[in-house]
Amino acid sequence: FRVGLLDADVYGPSVPIMMGLADERPGVDEQRKIIPLKRHGVVFMSMGLLVKREDAVVWRGPMIARAVTQFCHDVRWGELDYLVVDLPPGTGDVALSLAQTIPVSGTIVVATPQDVAFADVTRALRMFEMLRLPVLGLVENMAWFQAPDTGKKYYVFGKGRTEEIGRAHV
């Protein structure tokens with residue numbers, strides 16, 4: 001599939017680091033569209049490609065909404081089968097702006113198994129319900145650590161309630 005990845009976590013962009021291109025910068029074409037970077041067969045764009053790693057993005061809601069709109073419309077994505085959007089945690093401006101900017105086929109919510117994380121997940125699930133965005137799944141990240149020498153699983157953050165919450169919302 002032709003896949004694009006939009007890192008919409010404007011305050012904490014991590015996709016450039018995960019893609020191994022944190023020090024690269026995108027170009028601009030003759031129509032003044034941003035040319036996204038490509039790695040592992042995936043084209044991607046992130047605020048992290050536009051600012052230095054150590055710089056903080058200190059923006060209010062309208063500026064965030066504009067950045068999301070620009071990343072959707074002013075990036076030369078090309079023909080894509082899927083555009084995956086990595087949202088910041090919570091229920092803030094980015095998710096709302098995205099829902100108002102492009103058609104969204106579905107959402108996948110990722111959580112760690114701590115109670116505090118599940119409080120945020122529950123609010124995010126409710127927000128997606130309010131926005132009428134289908135929740136395709138709930139993923140529990142960092143559920144356990146498996147010791148390489150014994151193979152024993154350790155639930156460092158406690159056993160999560162992903163299945164229970166998933167049944168209630170997905």
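The values are calculated or read from the model by the stated rules, or taken from the named source; none is laboratory data. What you are looking at is a predicted structure, and each value in this text was computed from that prediction instead of being measured. Note that we place each Cβ from the backbone using ideal geometry, even for glycine, and neighbour counts take in every protein chain shown. Surface areas here come from the heavy atoms of the whole protein model, side chains and all, with no ligands, DNA or RNA. Shrake-Rupley method; radii C 1.70, N 1.55, O 1.52, S 1.80 Å.
Taking 45 Å as R0, compute the FRET efficiency from the Cβ-Cβ separation of residue 74 and residue 154 and round it to 0.05. Computed FRET efficiency for residue 74 and residue 154: 0.50. The label-point distance for residue 58 and residue 132, in a model that sets each label 7 Å from Cα toward Cβ, rounds to 4.0 nm. Normalised per residue, the accessible area of the chain is 63 Å², obtained with a 1.4 Å probe and no contribution from ligands, DNA or RNA.
Centroid-to-centroid, using Cα positions, the range 130-155 and the range 1-79 are 27 Å apart. Against the chain, whose longest principal axis comes from its Cα atoms, helix 115-130 is set at around 60 degrees. Over the chain, DSSP H runs of length four or greater, each weighted -39,500 (n - 2.57), average out per residue to a 222 nm ellipticity of -8500 deg cm²/dmol.
List the trypsin sites (Lys or Arg not before Pro) in the range 97-139 that DSSP assigns to loop (not H, G, I, E or B) and whose Cβ has at most 16 other Cβ atoms within 10 Å. Which are they? Answer by residue number: 132. Looking at the chain alone, DSSP beta bridges between its own residues are antiparallel in about 30 percent of cases. Backbone amide hydrogens, once placed in the peptide plane, bring residue 83 within less than 5 Å of 4, excluding anything fewer than 5 places away on its chain.
Exposure check, 1.4 Å probe, all protein chains in place: residue 69 carries approximately 40 Å² of accessible surface.
Just the protein heavy atoms count here, and of the accessible area of the chain at 1.4 Å, carbon and sulfur take up 54 percent.
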